[in-house]
Amino acid sequence: MIAGKRKLKIVLGVIGSDVHAVGNKILENVLTEEGFKVINIGVLSPQEDFINAAIETAADLIVVSSLYGHGEIDCRGMREKCIEAGIGDMQLYVGGNLVVGKKDFTEVKKIFEEMGFNRAYPPGTSPQQLIDDIKKDFNIK
Amino acid sequence: MGIALLVDFGSTFTKLVAIDLEKEIFLGSSYYPTTVETDVMIGFKKALNELNKKISKKNIDIDYDLKLACSSAAGGLKIVAVGLVPLLTSQAAKIAALGAGGKVLKVYSYKLTADERDEIEILKPDLILLSGGTDGGNEKVIIHNAKVLSQLKIDVPIVYAGNKCSATIAKRILKENKKSVSIIENILPELNYLNIEPAKELIRKLFLSNIIKAKGLSKRMDFLSSVLMPTPSAVLKAGQLLAKGTDNEEGIGDLMLIDVGGATTDVCSYSLGLPGTGGFVVKGLPQPYMKRTVEGDLGIRFSAMNLLNTAKKENFMKKCKIKLKDLDKKVEKLSRNINFIAKDEKDIEVDKLLSAISTKIAINRHVGKFQTKYTPISPVNILYGKDLRDVPTVLGTGGGVIKAKNPKSILEKSIFDEDEPYILKPKSPKFLLDKYYIMFAVGLLAQKMPDLALRLLKKHLIYI
Ligand code: B12
C-alpha cells in the first residue's frame, strides 16, 4: 500500500497484564479489512514482544492498546527500548482506556507524547479515526 | 526377507543390531569403539565378528539381506544456526536443526559481525542454516548475513530458510562467491506459524549427498546400502513411529523420549503440548509436535564435569549420599575416560547418580513452564513452551539409562514435581525401556518397512 506497492505492516497487541481481548480482535479485523497486514500478538503482551515482532516482520507501525487503566506504567520506556533495538524511528500509537477514570485527555496525551508515542487516543476513539490517521501519516490514499 | 544388519557408526561406539525380518525378532547386538581416525571399517568388522558369533550360536545362517547404517561419527551433523531475533527466527532455526538430527554448534542472531564470521570458520560446521525475517518481513539483516557468510573461507553448504522476499538476492550473493546454497521455505513464514519440516528434509538430503562424503565415511562402506541419516535422526524417527503409528499399525500416542549419553542428554517430545487445563494464555514461538532439545552440558562421560558443576549450581546435590570430595575425583576421571564402562559397585552408583541428574535437568529445560502474572483482578498463567503434564509414556534410551542398575529410578526423575508446579512435566507416566538398544535400528528399518519396524518396537521395548 505504501506507494501502491506493498501492504503496510502493523504490529498490534494489548500491553502489560491486561486481558481485555474484545477490542483487540475488533481492531485486528477492521485493520485487516482495510488492507493492512496485521501481526496481532494478542493480550498480555510485554513491550519486548511488540519490539521483537516488529523487527522480525519489518513492521511500519506498532499499535498498542491498554484498556485497564495502567497504560502509563506499562508503556513507560517503550520508545527507549525501540531505540536500543535498532528500530528507534518506529511509529508508535497507543489507545484504549489509558488511565484510570476520566482525566482531562490533553494532559494524558502530553504524558504519552513525552514518552515517545507518536499518537495517543482517548477512550471511545473509533477504529475509523485510527485508519484515517494511519493513512495520513503514511501517505496512503 | 531374511536378516537385517543395522549399523550405527556412533561418536564413541560402532553399534550393530541384527533383526530377523521373517520372525520379526531381535537376534542380537554388538559394539566396538568407533575407529574414525584410521578407518571406520576396522571397528565395524570387529563388531561384526562378535555379532556373527552370537547369532551362529543360535543356529541361524548368517546372510544379511538388508544392510542400513546411520552415523554420528566425526562429530555428527554439525550445524550453525543463524536467525534474526533470538526468541523468534534464531530459536526456530535451532529447533529445525535439532529436529533434523543435527548438533547445533552455535546460534547467532541479528547482523553477523566479522568476528562472528571468523568464529564460524573455526567452528567448521558441516552446514549453516540461514534464517531471518518472516515472509515479507525484515530483509536487511538476512541479506547482510548472506554477504558475511559469502566471505567465509571454508567450504560449507548453506541452507537458506528465511524471508522469501530476499531469497533471490541472497542466493545471488552467495553464488557469486562460489558458495553452495539451497533455498527452501521459510521456517517462520508468519510470526505465529512455524514451518520447519521442509528445511529439515532438505538438511537430511544434504547430509546424504554432501556431508557423509566430506567426512570420508562413505568411501569404504559400499557394501552397506550406505549411510541413510544422522544417528539422532534415526532415533527420532523410531520415536515418531511409536507415538504416531502407521496406516496399518496403531501407535501408542503422546510420548517423551529421553536419551542419556556420554556427551549430551537429548529429550524429544511427541505431543502438541497444548495446555491441558484452562486458564492459560499461550505465548512465545509456536511449538512443533516433535520437539528435540539437546543439552551439551549434561552427559555421564565427556560432559560429566560440566554436569556436576551445573548440578551444584542448581542445588541437585543436596540429597546425594556420596561424599562430594570423592565424587569430584571420580567424575573428573570419567570425563577424561570416555570409553569407561562401570563394573564395580561404586562406579555403577556414580553412573546412576549422574544419569538421574542429567535426566532431571534436561527434562526441566525441555518442558514448557508457566509464569503467573498478577493482574488487577486475578492471577493469569502464561504458558511458554509445551504443557506435557498429560503425556502418558516416557521412553528411556542411551547408555546412561539402558545400562543403569535401576533404569526406572532414573526415568522417575521426569515426573511432575509438586514443589515446582510451574514446570510442566508428565504427571503419571508409564515407563518404557529400550533394553536392547534397538531405537536407531528401528528408525533405519522404518524407512523401508514401517509396519514391521513398529511391531518390533512394541515387542522389544519393555515396560518397567
Ligand atoms: C468485558 C470487560 C472486562 C472483562 C474482559 C474479558 C476479556 N477477556 O476481554 C473482564 C471481566 C476480565 C474485565 C476485567 C477487568 N476490567 Co474490564 N471491562 C470490560 C468492559 C465491560 C467491556 C470491554 C470490552 O470488551 N469492550 C468492547 C470493546 C470493543 O471495546 P474496547 O475494549 O474499549 O476497545 C475499543 C476501543 O477502546 C478502541 N481501542 C482499543 N485499543 C485502541 C488503540 C488505539 C491506538 C486506538 C486508536 C483505539 C483503541 O478500539 C476498540 C474497538 O472498538 C469494560 C467497560 C466498557 N464498557 O468498555 C470494562 C473496563 C475496560 N474494565 C475495567 C477494569 C478496571 C477492569 C479490571 C481492572 C477490574 C474490574 N473492574 O473488573 C479488570 C482488569 C483485568 C485485566 N487483567 O485486564 C475498566 C477500565 C477503567 C479505566 N481504564 O479507566 C472498564 C472501562 C470498566 C469501568 N468503567 O470501570 N473487564
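The values are calculated or read from the model by the stated rules, or taken from the named source; none is laboratory data. Since this is a predicted model, take the numbers as computed values, not measurements. Backbone-built Cβ (ideal geometry, glycine too); neighbour counts: all protein chains shown. We work out accessible area using only protein heavy atoms, side chains counted, and drop any ligands, DNA or RNA first. Shrake-Rupley method; radii C 1.70, N 1.55, O 1.52, S 1.80 Å.
Any residue in region A:121-133 that is more than 14 Å from chain B (Cβ to nearest Cβ), more than 10 Å from the ligand (Cβ to nearest atom) and charged (D, E, K, R)?
Filtering region A:121-133 down to residues more than 14 Å from chain B (Cβ to nearest Cβ) leaves A:121-133.
Imposing the further condition that a residue be more than 10 Å from the ligand (Cβ to nearest atom) reduces the set to A:132.
Of the ones still in play, those that are also charged (D, E, K, R) are A:132.
There is at least one residue in region A:121-133 that is more than 14 Å from chain B (Cβ to nearest Cβ), more than 10 Å from the ligand (Cβ to nearest atom) and charged (D, E, K, R).
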Next item on the list: Just need a number here: residues in region A:99-120 that are within 7 Å of the ligand (Cβ to nearest atom) and among the hydrophobic types (A, V, I, L, M, F, W, C).
Entry: 2
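So which residues in region B:72-100 are assigned to a loop (DSSP other than H, G, I, E, B) and not β-branched (Val, Ile, Thr)? Steps first, answer last, please.
Initial filter on region B:72-100 (assigned to a loop (DSSP other than H, G, I, E, B)): B:72-77, B:83-85, B:100.
Across region B:72-100, the qualifying residues are B:Ser72, B:Ala73, B:Ala74, B:Gly75, B:Gly76, B:Leu77, B:Gly83, B:Leu84, B:Ala100.
Kindly indicate whether any position in region A:69-86 is within 10 Å of the ligand (Cβ to nearest atom) and surrounded by fewer than 20 Cβ atoms within 10 Å (Cβ to Cβ).
Within region A:69-86, the first condition is being within 10 Å of the ligand (Cβ to nearest atom), and the residues that meet it are A:69-71.
Going one step further and asking which of them are surrounded by fewer than 20 Cβ atoms within 10 Å (Cβ to Cβ), we end up with A:69-70.
Yes - at least one qualifying residue is present in region A:69-86.
Could you pull out the residue among A:Gly77, A:Gly16 that is at pLDDT below 95, more than 8 Å from chain B (Cβ to nearest Cβ) and more than 14 Å from the chain's Cα centre (by Cα)?
Details: A:Gly16 fails: more than 14 Å from the chain's Cα centre (by Cα).
Exactly one residue qualifies, and that residue is A:Gly77.
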Margin query: If I filter region B:414-454 down to residues being surrounded by fewer than 16 Cβ atoms within 10 Å (Cβ to Cβ) and among the basic types (Lys, Arg), which single residue comes out as nearest to B:Asp387 (Cα to Cα)?
Written below: B:Lys427
Notebook entry, point to check: Residue check: is A:Asn118 open to solvent by 40 Å² or more (accessible area, probe 1.4 Å), touching a Leu at 6+ places or on another chain (Cβ under 8 Å) and within 22 Å of A:Ser17 (Cβ to Cβ)?
Noted result: no
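Any chance region B:61-68 includes a residue that's acidic (Asp, Glu), open to solvent by less than 50 Å² (accessible area, probe 1.4 Å) and not in a helix (DSSP H, G or I)?
Quick first cut of region B:61-68, residues acidic (Asp, Glu) only: B:61, B:63, B:65.
From the residues that got through so far, the ones that are open to solvent by less than 50 Å² (accessible area, probe 1.4 Å) too are none.
The answer is no, given that none of the residues of region B:61-68 is acidic (Asp, Glu), open to solvent by less than 50 Å² (accessible area, probe 1.4 Å) and not in a helix (DSSP H, G or I).
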Item checked: Of all residues in region B:162-175 being touching a helix residue (DSSP H, G or I) at 6+ places or on another chain (Cβ under 7 Å) and more than 14 Å from chain A (Cβ to nearest Cβ), the one that is surrounded by the most Cβ atoms within 10 Å (Cβ to Cβ) -> B:Ala170
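Say whether the condition of being more than 12 Å from the ligand (Cβ to nearest atom), of a type outside the set (A, V, I, L, M) and in contact with a Ser or Thr (Cβ under 6 Å, 6 or more places away or on another chain) is met by at least one residue in region A:49-60.
To start, the set of residues in region A:49-60 that are more than 12 Å from the ligand (Cβ to nearest atom) comprises A:49-60.
Now narrow it down to the ones that are of a type outside the set (A, V, I, L, M): A:49-50, A:52, A:56-57, A:60.
Restricting the remaining residues to those that are in contact with a Ser or Thr (Cβ under 6 Å, 6 or more places away or on another chain) gives A:56-57.
Within region A:49-60, one or more residues are more than 12 Å from the ligand (Cβ to nearest atom), of a type outside the set (A, V, I, L, M) and in contact with a Ser or Thr (Cβ under 6 Å, 6 or more places away or on another chain).
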Next item on the list: Test A:Ile62 against the stated conditions and say whether it is within 14 Å of chain B (Cβ to nearest Cβ) and in contact with a Phe, Trp or Tyr (Cβ under 6 Å, 6 or more places away or on another chain).
Entry: yes
Notebook entry, point to check: Tally time: how many residues in region A:18-39 are away from the ligand (no atom under 12 Å from the Cβ) and either of a type outside the set (A, V, I, L, M, F, W, C) or in a helix (DSSP H, G or I) (or both)?
Noted result: 5
Check: So, of the residues in region B:114-146 that are open to solvent by 10 Å² or more (accessible area, probe 1.4 Å) and of a type in the set (Gly, Ala, Ser), which turns out to be nearest to the other protein chains (Cβ to nearest Cβ)?
Finding: B:Gly136
Item checked: Answer residue from region A:87-98, given it is more than 10 Å from the ligand (Cβ to nearest atom) and either part of a strand (DSSP E or B) or of a type in the set (Val, Ile, Thr) (or both) and is modelled with the highest pLDDT among those -> A:Gln91
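Please state which one of B:Leu411, B:Leu395 is within 21 Å of B:Ser269 (Cβ to Cβ), crowded, with 16+ Cβ neighbours inside 10 Å and in contact with a Gly (Cβ under 6 Å, 6 or more places away or on another chain). Break it down into steps so the answer makes sense when it comes.
Working: B:Leu395 fails: in contact with a Gly (Cβ under 6 Å, 6 or more places away or on another chain).
When all the criteria are applied, what remains is B:Leu411.
B:Ser109 - would you say it is within 14 Å of another protein chain (Cβ to nearest Cβ) and not acidic (Asp, Glu)?
Working: within 14 Å of another protein chain (Cβ to nearest Cβ): yes; not acidic (Asp, Glu): yes.
Against the criterion (within 14 Å of another protein chain (Cβ to nearest Cβ) and not acidic (Asp, Glu)), B:Ser109 qualifies.
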Next item on the list: Please list, ordered by first then second residue, the pairs with beta carbon atoms under 9 Å, 6 or more apart or interchain, first in region B:365-388 and at the interface with another protein chain (Cβ under 8 Å from one of its Cβ atoms), second β-branched (Val, Ile, Thr) and away from the ligand (no atom under 16 Å from the Cβ).
Entry: none
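Would you check which residues across region B:77-94 are open to solvent by 10 Å² or more (accessible area, probe 1.4 Å) and away from chain A (no Cβ under 14 Å) and list them? Explain how you work it out, then say what you get.
At the first step, the residues of region B:77-94 found to be open to solvent by 10 Å² or more (accessible area, probe 1.4 Å) are B:78, B:86-88, B:91, B:94.
B:Lys78, B:Lys94 - these are the residues of region B:77-94 that are open to solvent by 10 Å² or more (accessible area, probe 1.4 Å) and away from chain A (no Cβ under 14 Å).
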Checklist line | region A:34-53, residues that are of a type in the set (S, T, N, Q) and more than 9 Å from chain B (Cβ to nearest Cβ) | finding: A:Gln47
Notebook entry, point to check: Regarding B:Gly299, is this residue among the small types (Gly, Ala, Ser), open to solvent by less than 40 Å² (accessible area, probe 1.4 Å) and not in a helix (DSSP H, G or I)?
Noted result: yes
